[in-house]
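Participant: Just passing along the structure, written as structure tokens.
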Amino acid sequence: MAAAGGLIVLEGVEGAGKSTQLRHLASCLERVGLPVRTVREPGGTVAGDEIRRLLLDPASHLDARAEALLFMASRAQLVADVIRPALDRGEFVIADRFFLSTYAYQVGGRGLDEQDIRRANALATGGLVPGLTLLLDLPSGAGLERAARRGAQDRIERSGSAFHARVRSAFVGFASQDWQDRHPEAGPVVLIDASGDESEVSARIVAAVARRWPETAGTMAGSNP
Ligand code: TMP
């Protein structure tokens, strides 16, 4: 019988350390013998990688609705080709961003209608509900500084500090129980303090995953990245 895996999503503002933490978490799960597949959004399929290039290229001119639908198109392909098949095999899938990014950036940041986005997203995901979302939180200014140190800014990073402040406040709102009760499609969302050093943040993440899947991932708690 296949092991009971699940979809774990890492979300948060620019520069919150998602990609590094994703690698730490993947190796912790692998170390206790669990099959893991990692993905990032947008991208992860042939069509998705082309869409990613278009979305992030500072030279692209995109209306907010076109932008939202391109994120959804990349997501639909990734769910169909990679995420669903891996979950059906009983694997853990760890995603660097999923649809809470669309809720934060395109609804919170760009101001698109929430109900429109939720409906389009249900089409893109086929109703897939994440098993756990870890929301890495940093003041958005601090995250942008970290992201800027990585080099040239992409089209979304260039959207301005007011935009990024709206994105961060949208993300923080998703952690409230009231928001989660009204958005069952999101599954459980846990806020993770992303300040402090990498190993401290990693320990917080591992503990949250072990609590969510005590039967399979419970033995990870206490293992260091
Ligand atoms: P990243 O892979 O470096 O995080 O870049 C993806 C960028 O796209 C980041 O600025 C967040 C943004 N984004 C959205 O605006 N909406 C979405 O639905 C997703 C998945 C990402």
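Participant: Antiparallel versus total DSSP beta bridges in the chain: what percent is that, nearest 5?
Facilitator: Working: 0 of 20 bridges.
Antiparallel bridges: around 0 percent, rounded to the nearest 5.
Participant: Quick check: residue separation of residue 89 and residue 118 times 0.36 nm, minus the Cα distance between them. What number comes out in nm? Let's see the in-between values first.
Facilitator: Working: separation 29, 0.36 × 29 = 10.44 nm, distance 2.75 nm.
Full extension of this stretch gives 7.7 nm more.
Participant: With θ taken as phi - 60° and the coefficients 6.51, -1.76 and 1.60, list the Karplus ³J(HN,Hα) couplings across the stretch 17-22 in order, rounded to whole Hz; mark glycine and proline as x.
Facilitator: My calculation for the stretch 17-22 gives x, 4, 5, 5, 5, 4 Hz in order.
Participant: Taking only Cα atoms and a 10 Å spring cutoff, compute GNM fluctuations for the chain and point out the largest among 124, 86, 59.
Facilitator: Largest GNM mean-square fluctuation: 59.
Participant: In addition: Restricting everything to alpha-carbon atoms, can you work out Rg to Rh for the chain with a Kirkwood hydrodynamic radius? Numbers along the way, then the final one.
Facilitator: Numbers: Rg = 16.7 Å, Rh = 17.7 Å.
Radius of gyration relative to Kirkwood radius: 0.94.
Participant: Please give the contour-minus-distance gain from residue 182 to residue 66: 0.36 nm per residue of separation, less the Cα-Cα distance, rounded to one decimal in nm.
Facilitator: Details: separation 116, 0.36 × 116 = 41.76 nm, distance 2.63 nm.
Contour length minus Cα-Cα distance gives 39.1 nm.
Participant: Also, quick follow-up: How large is ³J(HN,Hα) for each residue in the stretch 38-48, as worked out from phi by the Karplus curve 6.51 cos²θ - 1.76 cosθ + 1.60 (θ = phi - 60°), to whole Hz, x for Gly and Pro?
Facilitator: Residue by residue, the stretch 38-48 yields 10, 9, 9, 10, x, x, x, 9, 4, 5, x Hz.
Participant: Follow-up. Long-range amide H contacts for residue 192: which residues qualify at under 5 Å (H placed 1.01 Å from N, peptide plane, sequence gap of 5 or more or a different chain)?
Facilitator: 135, 136, 137
Participant: Which order do peptides 193-199, 40-46, 132-138, 108-114 fall in by mean Cβ count within 10 Å, highest first? Present the calculation step by step, with values, prior to reporting the outcome.
Facilitator: Numbers: 193-199: 13.0, 40-46: 19.6, 132-138: 22.9, 108-114: 16.9.
Descending mean neighbour count gives 132-138, 40-46, 108-114, 193-199.
We did not get these values from a lab; they are worked out from the coordinates using the rules stated. Small disclaimer: the values here were computed from a predicted structure and weren't measured. Note: ideal-geometry Cβ built from the backbone for every residue, glycine included; neighbour counts use all protein chains shown.
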